[in-house]
Amino acid sequence: MQKFIPLCIPNFEGNEKKYVDDALEQGWVSTGGAYITKLEQSMAEFLHVENVAACQSGTSALHLSLIEAGVRPGDVVIVPPLTFIAAVNPVKYQFATPVFMDCDDSFCMDPVKLKRFLEQECTYTEGKLLYKGSQVKAVVVVHVFGNLADMPAIMKLAEKYGIKVIEDATEALGSKYTEGIYAGKYAGTIGDFGAFSFNGNKIITTGGGGAVTAKDAAQVDHIRYLSTQAKDDPHYYIHHEVGYNYRMTNLQAALGVAQMEELPEFIRRKQANYEKYKKLFDGFKLGTIIGFREGTASNKWFYSLEINRNKIGATMREIITALEKRGVQTRAIWGLINEQIPYLQEEAYELEKAPYYAERILNIPCSTQITDDEIEYAVSRIKEVLGELQNA
């Protein structure tokens, strides 16, 4: 029987069943219960922050961050084109206007182009940064595949122009700087807000679920309040603000508490498996394993193989389909968000690297329980398929 190596599946080898059963036995299955608080405390301790609010998804974490950042209808938010669309959709929820900013070779936002845009395309007057008459309120910085963006450069610009920085750390729980002014700081704890995801393919999962933190602990408290329908008096149903049904459930949190216990080991495996892939692909002429930013310790959530387009003319769909038939599940990086139908009318600034990588990046199997034999099998099949698809 042919092997099948999945792209990225959850790993439940700890106390997940024990804690979920406990939550069921207690009857706390919805948005109240001790496991939600335990997860928030566990994350705060791990990230070295004061306050964390657990919520329904990474998307809701981003939406709540934009609300708390003061993004209102008509405001401008600078966003990346090369990421999952959930990083940008919440901007539309606020009826704000996204402007797409190119990436650098880390797949994360290019601070050089960001600086040029802010200096040459915007005006700064009376403490406000304006683009075509609208205030630039925030920038959403995604740490793509666990690779940290150039936060020192981005934060310097944000502080100069009074822009809020929302870190989309949905793929980067556990990634941190090891050098420079942010040495020891984790993804999601450098900007004004940090959003995390516990979707089924993330380094830890609660099925769905997410979390949010902020520099100001009081803002996290307000986010938590908004996520529970802004209840001011739960007994008499008094609400002073428009709230959201964005709170995590206790069942999800029970899963999350167990997963947090395993997070350091999962990161260790991700890092070790990346090194195995890197060694096996060393010298391969048809594809190159993409590295991670120097001066950081990435969680190495996803591994990226850059296809050599000088030698491989096949479409990404053809490559993925051929690999699927050989028992190896892979995926393309993403379709550029600015090319999606809901965003065709939005502005994009000097996009060069984003379309370049969108045509070349293949994500390869990276589950934390993948074995050495499976890694070797995946690499051999990838080399085999790309060899067959090589231009004549």
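The values are calculated or read from the model by the stated rules, or taken from the named source; none is laboratory data. Since the structure is predicted, the reported quantities are computational estimates derived from the model, not experimental observations. A quick note on method: Cβ atoms are made from the backbone with ideal geometry, for glycine too, and the neighbour counts reach across all protein chains shown.
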Residue satisfying condition, being farther than 24 Å from Thr249 by Cα and of a type outside the set (A, V, I, L, M), within set Gly14, Gly27, Gly33, Gly74: Gly74
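Table: residues versus (1) in the same structural domain as Thr83 (by TED's automatic domain parsing); (2) over 11 Å from the mean Cα position of the chain (by Cα); (3) more than 29 Å from Ile333 (Cα to Cα).
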{"position": "Lys128", "(1), (2), (3)": "yes, yes, yes"}
{"position": "Lys132", "(1), (2), (3)": "yes, yes, yes"}
{"position": "Gln135", "(1), (2), (3)": "yes, yes, yes"}
{"position": "Thr170", "(1), (2), (3)": "yes, no, no"}
{"position": "Thr189", "(1), (2), (3)": "yes, yes, no"}
{"position": "Asn199", "(1), (2), (3)": "yes, no, no"}
{"position": "Lys202", "(1), (2), (3)": "yes, no, no"}
When restricted to Glu384, Glu318, Glu346, Glu306, the only residue loosely packed, with under 14 Cβ neighbours inside 10 Å and outside the structural domain of Val88 (by TED's automatic domain parsing) is Glu318
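Taking the conditions exactly as written (surrounded by fewer than 14 Cβ atoms within 10 Å (Cβ to Cβ), of a type in the set (A, V, I, L, M, F, W, C) and under 29 Å from Ala86 (Cβ atoms)), does Leu362 satisfy them or not? Before you say what the answer is, go through the steps one by one.
Working: surrounded by fewer than 14 Cβ atoms within 10 Å (Cβ to Cβ): no; of a type in the set (A, V, I, L, M, F, W, C): yes; under 29 Å from Ala86 (Cβ atoms): yes.
Answer is no for this residue.
Only strands (runs of 3 or more DSSP E) wholly contained in segment 151-263 count here; list those with 2 or more residues that are at pLDDT below 95.
In segment 151-263, the matching strands (runs of 3 or more DSSP E) lie at 231-233.
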Taking segment 72-106 as the search range and keeping residues that are among the aromatic types (Phe, Trp, Tyr) and outside any loop (DSSP other than H, G, I, E, B), which one is nearest to the chain's Cα centre (by Cα)? Phe100
Might you let me know whether segment 9-30 holds any residue that is in contact (Cβ under 8 Å) with a residue 40 or more places away in the chain, under 29 Å from Tyr356 (Cα atoms), surrounded by fewer than 24 Cβ atoms within 10 Å (Cβ to Cβ) and not assigned by TED's automatic domain parsing to the domain that holds Thr205? yes
